[in-house]
Amino acid sequence: MANEKEHGSGSVEPGDTSKRVGAEVIRERGVDPEELREKLIDAIGAEFTTYYYYTNLRMHLAGEEDYKEITEDARLEDRAHFELVVPRVYELEGSLPNDIRDFADRASCPDAEVPTPMDGSGEFDTSELEVEDILEVLLEAERCAIRTWSEICDMTRGADPRTYDMAQRILNEEMDHEAWFIELLSKERDGEINPAGHFARGEPGDAPYTKNNPFNDSA
Amino acid sequence: MTQSSDDTWTVTIVVPEESALDEAGETHKVEISEDETILAAARSAGVWLTADCQQGWCITCAARLVDGDVVHPNARRYDTEDREAGYILTCTAKPRADSTVVVEQYDEFLEYRAANNKPPGSSKLSD
């Protein structure tokens, strides 16, 4: 061709499929994409385990239908956070662990277990299980998530706008969740009115920040 | 010992040269009450240390205790062997004596826990 021109390439040779410019541009801006990717796996491990544990916590809020609804919103939104970021892990040339036990073990937040021991028959001993104890587990799980996604925002700010955008969207919802559980725990445990200042989600687990760009619809 | 009347301890924080923090190579002395964690007190004093969960679980904030004494009343994943190996988690560690800690020891602690078949090292560093 008479008008042949070389493609601009940076550190990636034209036609090289062994590297991703999407990762190299992050490295060029001072962030190690492999370190970031591993941190993302830890973070979505926590979102995934939280989704599981919240299922159990919700079940044990027996008779507290309003608490159940709020917990259901948080539960489904945590699953949305997992699904939002999974594609980013693969873009950064990572993958989910093959063994779910490894995934849970590396989750960056503690297991949000039902705060009661098991009885002798392998069932939860619910004889002394208090609603306020469940709400405290939920609150501290949300606080852990806020710290995690704040760290990822710090790590990616000014260097990786794609991951930063995801992290800040998730952070918005985790802060909503913390406010919900502060309100509920304040009332349940302390008899105090401590409004979250939020309106209800439109649908359960609406995830207004992390599902408003629903690229998972095709999955 | 220089324990004051309000149970405040002097914790010397050594930031290794190879750390990615702005404070790399610096040493800071921070006064910390017995109810404060090393991480929170350091950050309040303007010494930014790396941390994540702040519940004694993820081990991002791992450090080495060179001398002194700390307790971890609220750590979710920290045991006697970790303590005997000289590691602490600054996010939940509260001083009980004047102490010196070398911070930013995540990689080392991760390897230690992997070698002892404990998470998250066992899940992150296994083949």
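Some notes on this structure:
- Inter-part distance where the stretch A:66-118 and the stretch B:50-94 are each reduced to a Cα centre, Å: 24
- The angle between the Cα long axis of helix B:106-115 and the main principal axis of chain B comes to about 50°, on a 0 to 90 degree scale.
- Cross-link reach is defined here as a Cα-Cα straight distance under 29 Å, omitting same-chain residues fewer than 8 places apart; for A:K19 the lysines meeting it are A:K5, A:K39, B:K124.
- Membrane-span-like helices in chain A, defined here as complete DSSP H runs extending at least 24 Å along the helix axis by their C-alpha atoms with mean Kyte-Doolittle hydropathy no lower than -0.5, are A:131-156; this is a sequence and geometry rule, not a statement about a membrane.
- The order of the peptides B:88-96, B:118-126 by mean Cβ neighbours within 10 Å, most packed first, is B:88-96, B:118-126.
- Neighbouring Cβ atoms from other chains, within 10 Å of the Cβ of residues in B:44-52, number 2 on average.
- Placing +1 on each Lys and Arg Cβ and -1 on each Asp and Glu Cβ, with no other charges, gives the protein assembly as shown a dipole about its Cα centre of roughly 780 debye.
- Across the stretch A:25-110, Cα pairs under 8 Å and at least six residues apart give a relative contact order of 46 percent.
- Here's the picture: charge each Lys and Arg Cβ at +1 and each Asp and Glu Cβ at -1 in the protein assembly as shown, and of A:A104, A:L92, B:Y78 the one pushed furthest to the positive end of that dipole is A:L92.
- Average beta-carbon neighbours from other chains, 10 Å sphere, peptide A:102-111: 6
- Average other protein chain Cβ within 10 Å of Cβ, residues A:138-145: 2
- Rounded to the nearest 20, the Cβ-based charge dipole of the stretch A:142-204 about its Cα centre (Lys and Arg +1, Asp and Glu -1) stands at 120 debye.
- Among A:L76, A:V25, A:I134 the positive-end extreme of the charge dipole of chain A (Cβ point charges): A:V25
- Per the Debye formula on identical point scatterers at the alpha carbon atoms of chain B, with no solvent, log10 I(q)/I(0) at q = 0.11, 0.20 Å⁻¹ is -0.34, -1.10.
- Among A:T50, A:T126, the sequence by solvent-accessible area, most first, with a 1.4 Å probe is A:T126, A:T50.
- Cα gyration tensor shape of the stretch A:77-201, rounded if a/c is under 1.5, else prolate or oblate by comparing a/b with b/c: oblate
- Note that the stretch A:11-161 carries a Kirkwood radius of 17.3 Å, evaluated over its alpha carbons pair by pair.
- P(r) weight above 37 Å for the protein assembly as shown, C-alpha pairs, percent: 25
The values are calculated or read from the model by the stated rules, or taken from the named source; none is laboratory data. Just so we're clear, the structure is a prediction, and the values are computed from it rather than from any experiment. Positions of Cβ are backbone-derived with ideal geometry, glycine not excepted, and every protein chain shown enters the neighbour counts. To get the accessible areas, we keep the full protein, side chains included, count just its heavy atoms, and leave off ligands, DNA and RNA. Shrake-Rupley method; radii C 1.70, N 1.55, O 1.52, S 1.80 Å.
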